[in-house]
Amino acid sequence: MEIKLIGTRKKYRNSMVLDIDELTVPRGMITGVTGSNGAGKTTLLHIIAGLDDSFEGEVTYDGLPISNHIRESMTLVFQKPYLFRRTVYDNIAYPLQIRAKSKEKIDKEVLWAAESLGIEDLLKKKGHQLSGGEAQKVAMARALSIRPSLLLLDEPTSNLDPDSTLRMEGAIRRYNHETGATIVIITHNMEQAERLCHNQIKLELGRMI
């Protein structure tokens, strides 16, 4: 899915937090978004995700405005994931259940997503009993379970140790390679951006530099 922003501007009160004349996020690539705190990274991600519609300008997805069909083909993983007080299996299965997938399909996709992140041993644990790093892996597995064509990630490795960070990056890279999904990742880690991303966008005070 190709994402294009034209004349996209967002204000909080009287302060301009995002000011992008034109931006194209290429189809099938991993695009990194970097910049200091307050640069507008999360605002950009929320606009692309359709969570914020109070902005000027235009955002299109393969040339089309956002719709329910497009929303169902994308997912956003927040920096601080929210998990239900249910098992890890139930947390990963939830987006499949609300899409009325069969039990067989749900079992298959939950196991595949869990294996991608190396968390098969957590499936029977309760979501609220997990560490921050474990919760982040579960949130990623939940996102992958629906095999989105647009995957939006807000600092997905911020709570992970170095080994888990590399495993998460590997899962992201494999998912992109196997499905051709478009992935946008916010990261403060410049080394991670160099390792993982095909191209990068740097924001400063809401503008691309």
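The values are calculated or read from the model by the stated rules, or taken from the named source; none is laboratory data. Since this is a predicted model, take the numbers as computed values, not measurements. A quick note on method: Cβ atoms are made from the backbone with ideal geometry, for glycine too, and the neighbour counts reach across all protein chains shown. Each accessible area value is taken on the protein alone, full model and side chains, heavy atoms only, with ligands, DNA and RNA left out. Shrake-Rupley method; radii C 1.70, N 1.55, O 1.52, S 1.80 Å.
Ligands, DNA and RNA excluded, the heavy atoms of Ser158 present near 60 Å² of accessible surface to a 1.4 Å solvent probe. Loop-only trypsin sites (Lys or Arg not before Pro) in segment 58-107, please: DSSP not H, G, I, E or B, and at most 14 other Cβ atoms within 10 Å. In loop regions of segment 58-107 (DSSP not H, G, I, E or B), the sparsely surrounded trypsin sites (Lys or Arg not before Pro) are Arg85, Arg86, Arg99. Over the C-alpha trace of segment 62-104, radius of gyration and Dmax come out as 13.3, 39 angstrom. Mean-square fluctuations from a GNM of the chain, with a 10 angstrom spring cutoff on Cα atoms, peak among Ile183, Ile146, Ile20 at Ile20. The mean of 1/r over all distinct Cα pairs in the chain, once inverted, gives the Kirkwood hydrodynamic radius of 17.5 Å. Per residue, segment 1-96 exposes an accessible area of 52 Å² to a 1.4 Å probe, with every protein chain left in place.
Normalising by residue count, segment 51-157 has a Cα convex hull of 116 Å³ per residue.
For the set Tyr94, Tyr175, the ranking by accessible area, highest first and with no ligand, DNA or RNA atoms included, is Tyr94, Tyr175 under a 1.4 Å probe. Strictly greater than 19 Å: what percent of every Cα pair in segment 1-121 meets that? Of all Cα-Cα distances in segment 1-121, 59 percent exceed 19 Å.
Neighbours of Glu22, meaning other residues whose beta-carbon lies under 15 angstrom from its beta-carbon, give a summed charge of -2 when Lys and Arg score +1 and Asp and Glu score -1.
Any idea what diffusion coefficient segment 109-209 gets from Stokes-Einstein, in µm²/s, Kirkwood Rh on alpha carbon pairs, 4 °C, 1.567 mPa s? For these conditions, the coefficient is 90 µm²/s. Considering segment 103-155, its Cα convex hull presents a mean projected area of 4.1 nm².
Taking Gly127, Gly35, Gly63 in turn, the Gaussian network model of the chain (Cα-Cα springs below 10 Å) assigns the largest fluctuation to Gly63.
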